[in-house]
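Here the structure comes first, spelled out in structure tokens, and everything after it is commentary.
The values are calculated or read from the model by the stated rules, or taken from the named source; none is laboratory data. The structure displayed is predicted, hence computed values, not measured ones. Counting neighbours? That spans all protein chains shown, and the Cβs are built from the backbone with ideal geometry, glycine included. Surface accessibility is based on the protein's heavy atoms, side chains included, excluding ligands, DNA and RNA. Shrake-Rupley method; radii C 1.70, N 1.55, O 1.52, S 1.80 Å.
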Amino acid sequence: MAIQATLILIKPDGLKKSLTGNILTRLSETKLEIVGAKIVRVSRELAEEHYKHLKDKPFFEDLIKYIQGEFHGRRKVMALVYWGEDAISKCRTLAGATNPEEADPTTIRGAYGRITTSGVYENVIHVSANEKEAEREIKLWFKPDEIIVNIYPTKEIIEKEKKVRIWA
Ligand code: UDP
Ligand code: MG
């Protein structure tokens with residue numbers, strides 16, 4: 001038993017189909033804790049970095065468009081960090097297989113996913129596959145201050161001359 005963190009993304013199809021509530025309800029079965037959550041507009045750079053292990057796949061370009069919301073008219077995803085005992089396997093099991101047609105129908109992907117005519121697996125959520133991937137992805141999507149527990153070591157630096165947006 002290990003205490004783990006995992007990145008969950010509710011992908012643009014999940015948001016478009018109004019599945020946020022259903023997906024969060026399913027994930028609450030795990031009794032894990034949500035320690036970070038936000039809505040993110042996904043840049044091409046972020047999309048490519050997130051899926052860099054799939055760069056050579058024939059579906060890569062469609063996958064980038066998919067996660068950026070180009071197929072669903074909603075350029076956003078919901079990003080969450082779930083934390084607790086065996087978080088990764090618990091969330092992966094609830095999510096189901098990558099291919100929504102092969103996923104058990106009682107899983108999130110099996111219930112809500114589909115394969116498009118161009119062959120993209122629109123499987124409504126992303127879940128980190130292992131601890132190494134979870135660490136890379138959580139650090140890619142979240143800043144330390146956006147997560148309410150200390151999952152990974154941090155350090156403090158002083159940033160000078162940095163332009164930031166504040167309330168007017
Ligand atoms: N994907 C796809 N076709 C494939 C394999 C993957 O469209 O043959 C998409 C699918 O949306 C999947 C994502 O690419 O969730 C990332 O693929 P990965 O192999 O990492 O699967 P996952 O970890 O999401 O189950
Ligand atoms: Mg993966």
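Looking at segment 123-157, which of its residues are acidic (Asp, Glu) and open to solvent by 100 Å² or more (accessible area, probe 1.4 Å)? Lay out the reasoning, then the answer.
Start the filter on segment 123-157 by keeping residues that are acidic (Asp, Glu), which leaves 131, 133, 135, 137, 145-146, 156.
Answer for segment 123-157, where residues must be acidic (Asp, Glu) and open to solvent by 100 Å² or more (accessible area, probe 1.4 Å): Glu131, Asp145, Glu156.
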* Considering only strands (runs of 3 or more DSSP E) fully contained in segment 1-101, which possess at least 1 residues that are modelled with pLDDT of 95 or more, open to solvent by less than 40 Å² (accessible area, probe 1.4 Å) and over 20 Å from Asn130 (Cα atoms)? -> 33-40, 77-85
* Residue pairs meeting the criteria (Cβ under 7 Å; at least 6 apart or on separate chains; first on the phi < 0 side of the Ramachandran plot, in segment 60-77; second open to solvent by 20 Å² or more (accessible area, probe 1.4 Å) and within 16 Å of ligand 2 (Cβ to nearest atom)) -> Phe60/Leu54; Leu63/Leu54; Ile64/Glu48
